[in-house]
Amino acid sequence: MSSSDPSGVPGAPTRQRRKAERPQELLDAALTVFVEKGLRATRMEDVAKLAGVSKGTLYLYYSSKEELFKAVVRGALLPALAEVKDIAERWQGATGDLLLLLLRTWWQRMGAAPGSDVFKLVVTDVGNVPELAQFYLEEVMLPTYALLGGTLQRGMDRGEFRVVDITTLVQSLMASAQFLALYTHCTRHIVDNPFPMQPEVFMRTHMDLLLHGLEIRQP
């Protein structure tokens, strides 16, 4: 008997590995179909077919299309949110540098990754389904507001930033990040784009404009 077969059943390790990988395979297939067809037009059988499983198998993992969509969002966005939160909590340096690092990390983990397609779905589909809009608010937007708002408050408390409306500043940061992801998504197949996106330049320029507006100026 092969030492690599601890179960004693030929092929068991391979089956176990495939079973462990299946949830991610289902989410990958779901994201592909959601982006191609949109939330409303996507059928569970479309996802199952792309993933190479039966519709019944898909329902064993996700009870509805809406629950599948939530799982896609959680898998694509929440790990990155946890990472940038950890960076902010451990940061000891200047707040302006922290904001730029958070934006860069967000882009590397979400904006430049396949998960960036989630933002297209949010813009086009989530607003039409109240349950999913509430889910996105609670699990993505509110934690993001708390993280960025806390970071901006840190800069004000330390005397690095002048006191301005934090909610408006958070919305400005979120709008720039989402524009970066959506513009990249919408133009990625354009040949000879006269206005190509340069993410690093965009982030540095936006942060430079924001920070100069926030700086406390000596009389």
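For the stretch 152-164, check the following and say yes or no: at least one residue is within 17 Å of the chain's Cα centre (by Cα) and surrounded by 14 or more Cβ atoms within 10 Å (Cβ to Cβ). Talk me through it step by step, then tell me what you get.
Let us first name the residues in the stretch 152-164 that are within 17 Å of the chain's Cα centre (by Cα), namely none.
Within the stretch 152-164 (the criterion being within 17 Å of the chain's Cα centre (by Cα) and surrounded by 14 or more Cβ atoms within 10 Å (Cβ to Cβ)), the answer is no, since none of the residues qualifies.
May I ask you to say which residue of Y183, Y145 is of a type in the set (F, W, Y), assigned by TED's automatic domain parsing to the domain that holds L99 and over 22 Å from E89 (Cα atoms)?
On the way: Y145 fails: over 22 Å from E89 (Cα atoms).
Just one listed residue meets the conditions, Y183.
Considering the stretch 8-45, and only residues there that are touching a helix residue (DSSP H, G or I) at 6+ places or on another chain (Cβ under 7 Å) and farther than 17 Å from T124 by Cβ, the residue that is modelled with the lowest pLDDT turns out to be P23.
If you go through the stretch 118-133 one residue at a time, do you hit one that is under 16 Å from the mean Cα position of the chain (by Cα), assigned to a helix (DSSP H, G or I) and modelled with pLDDT of 85 or more? Yes, the conditions are met somewhere in the stretch 118-133. Considering (1) in contact (Cβ under 8 Å) with a residue 40 or more places away in the chain; (2) of a type outside the set (A, V, I, L, M); (3) closer than 21 Å to A88 by Cβ, the lone condition that F135 does not fulfil carries the number (3). Checking the structure you have, find out if any residue of the stretch 158-179 is modelled with pLDDT under 80, of a type outside the set (A, V, I, L, M) and either assigned by TED's automatic domain parsing to the domain that holds G96 or at negative phi (or both). Yes: the stretch 158-179 contains one or more residues that are modelled with pLDDT under 80, of a type outside the set (A, V, I, L, M) and either assigned by TED's automatic domain parsing to the domain that holds G96 or at negative phi (or both). E200 meets the conditions (1) part of a loop (DSSP other than H, G, I, E, B); (2) surrounded by fewer than 11 Cβ atoms within 10 Å (Cβ to Cβ) in every case but one. The failed one is (1).
The values are calculated or read from the model by the stated rules, or taken from the named source; none is laboratory data. Everything numeric in this text was worked out from a predicted model, so none of it was measured. Cβ: placed from backbone, ideal geometry, glycine included. Neighbour counts: every protein chain shown.
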